[in-house]
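Read the figures in this text as sums done on the coordinates, not as results from a lab. The shown structure was predicted, so the numbers you read here are calculated from the model rather than taken from an experiment. As a convention, Cβ positions derive from the backbone with ideal geometry for all residues, glycine included, and neighbour counts pool all protein chains shown.
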Amino acid sequence: MSTTVAPSPAPEPASAPEVPQRIKNRRKKVTRGVWISYVVLIILAIIYIFPFLTQVATSFKTEPDAAQDPLGLIPQHWTFAAYETLFANSDFPIWGRNSFIVTVFVTAGRVFFNCLAGYALARINFRGRGLVFALLVAVMAVPGVVLLIPKFLVINQLGIYDSYAGMILPLLADAAGVFIMKNFFESIPPSVEEQARVDGAGTFRTFWSIVLPMARPAVMTIVILSFQGSWNELNHFIISTQDPALTTLTKGVAQLASGQLSQGTQYPLKLAAAALTTIPVAIVFFIFQKKIMNASAGAVKE
C-alpha cells in the first residue's frame, strides 16, 4: 500500500533587506560627486582643445575672415589658399624633410643610448656608478636655455656647425630618458638575467635578447618623448644652423610668424603650417600609446 506525500509548499522568497536611509543618502552624494567631476573634466577638455580647433578652422579661412573673426570655428568662406601658398611659395617641403631626417636619427639614437646607459647604471657594478647617477640627476635640474651658448661653442669648435651632425649629435644625450630606463631595468627581477648567464649569455647578449624585450613599455615611452622633443625642438636648431637649406619646421614656422612671405597678420598661413606640423606627432603618439597599453599587460613578476 503506497502512501502519497503531499508536496510541501515552496518557501516564499525572502524579501530584500531595506537599504537604510543613511546609505541611500551616501549613494546620492557619491553619484552627484561623480557627475560634478565629469562636468569639470568636460569643461577643462573644451578649454584645452579649443585653441587646436581654432587653429584648424582658421587655416581654412580667408585673410579678411580670419582678421574679422579669429576665434570663430566655422569659416564663412572655406578655402585651401593658405595650404596652396604654403607649398607653392615657401620652403615648407624642405623644412619637413629636414625635420623628418633629424627626428628619425635623434629618436633612434636616444632610444639606443638611453637603454644602454640605463642598463649600465641599473645592473653593472663599476666604480663611481653612484657619482655618475648623481651627475645625471643634477643635469636634469639645469635649464636647457643655460646650455645653449656652451653647445654653440662646442659645435663650432668641432667644425660641425651648419650640418646635420651639429643638429643631431648634441640631441642624442638625454638625462631624463636614462633616468627612466634605469628605474625600469631595476624593476626587472635579477633572477631572469642569472638564468641567462647560466646558459652562457654575456652581458650585452643578456641585455639585448633578454632584458630589453621585457622593457618594451619604457622603450615605447622613450620613443614618444624623443620623437616629440626632437620634432618640436627650436632653440638648438637656432644656435646650430644658419643655412636656409637646413631649416626645420619649427624654425620655418617661426619665420612665417615674423612675416616672411608678405605683410599682414597671415593667420590662415601661419596656422595652416602649425596644423601640418602637429600631424606627425599626433600619429606617433596614438600608435605607440596603444602599444604601451598592450605591453604593460605582460609585466614580469618574481
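Which chymotrypsin sites (Phe, Trp or Tyr not before Pro) does the range 58-130 hold that lie in a coil by DSSP with at most 14 other beta carbons within 10 Å?
Those that pass, being in a loop and sparsely packed, are W78, F80, F126.
Working from Cα pairs under 8 Å separated by at least six residues, relative contact order for the chain is 28 percent.
Mind telling me which of P170, P143, P268 comes out most flexible in a GNM of the chain, alpha-carbon contacts under 10 Å? Checking each option, the largest mean-square fluctuation is seen for P143.
Pairs of alpha-carbon atoms within less than 8 angstrom and 6+ residues apart define the contacts here; what relative contact order does the range 29-166 have, in percent?
Rounded, it is 12 percent for the range 29-166.
Averaging Cα coordinates gives a centre for the range 47-83 and one for the range 188-207; these two points are 57 Å apart.
The calculated 222 nm mean residue ellipticity attributable to helices in the chain amounts to -21000 deg cm²/dmol, summing -39500 (n - 2.57) over DSSP H runs of n ≥ 4 and dividing by all residues. Ranking G166, V106, A218 by Cα position along the charge dipole of the chain, where only Lys, Arg, Asp and Glu carry charges on their C-beta atoms, puts A218 farthest toward the positive end. Can you bin the range 72-125 into rounded, prolate or oblate? Criterion: square roots of the alpha carbon gyration tensor eigenvalues sorted a ≥ b ≥ c, rounded for a/c under 1.5, prolate for a/b above b/c, oblate for the rest. Judged from the Cα gyration tensor, the range 72-125 comes out oblate (a/c at least 1.5, b/c at or above a/b). For a test of the definition: using alpha carbon positions, the gyration tensor, and the 1.5 limit on a/c, classify the range 26-119 as rounded, prolate or oblate. The shape class here is oblate. Helix 129-140 axis versus longest C-alpha principal axis of the chain: approximately 70°, rounded to the nearest ten. For K251, go through the aspartates and glutamates and keep the ones whose alpha-carbon is under 15 Å away, minus same-chain ones fewer than eight residues off. Counting by Cα, and skipping residues close in sequence, K251 has these aspartates and glutamates nearby: D91, D162, E233, D243.
Between the residues A201, L116, P51, the greatest Cα displacement towards the positive end of the dipole of the chain, with unit charges on the Cβ of Lys, Arg, Asp and Glu, is found for A201.
Using only the Cα atoms of the chain, build the gyration tensor, take square roots of its eigenvalues as a ≥ b ≥ c, and label the shape rounded, prolate or oblate: rounded if a/c is under 1.5, else prolate if a/b is larger than b/c, else oblate.
Oblate, because a/c is 1.5 or more while a/b does not exceed b/c.
Rounded to the nearest 20, the size of the Cβ-charge dipole of the range 190-252 about its Cα centre is 80 debye, with Lys and Arg at +1 and Asp and Glu at -1.
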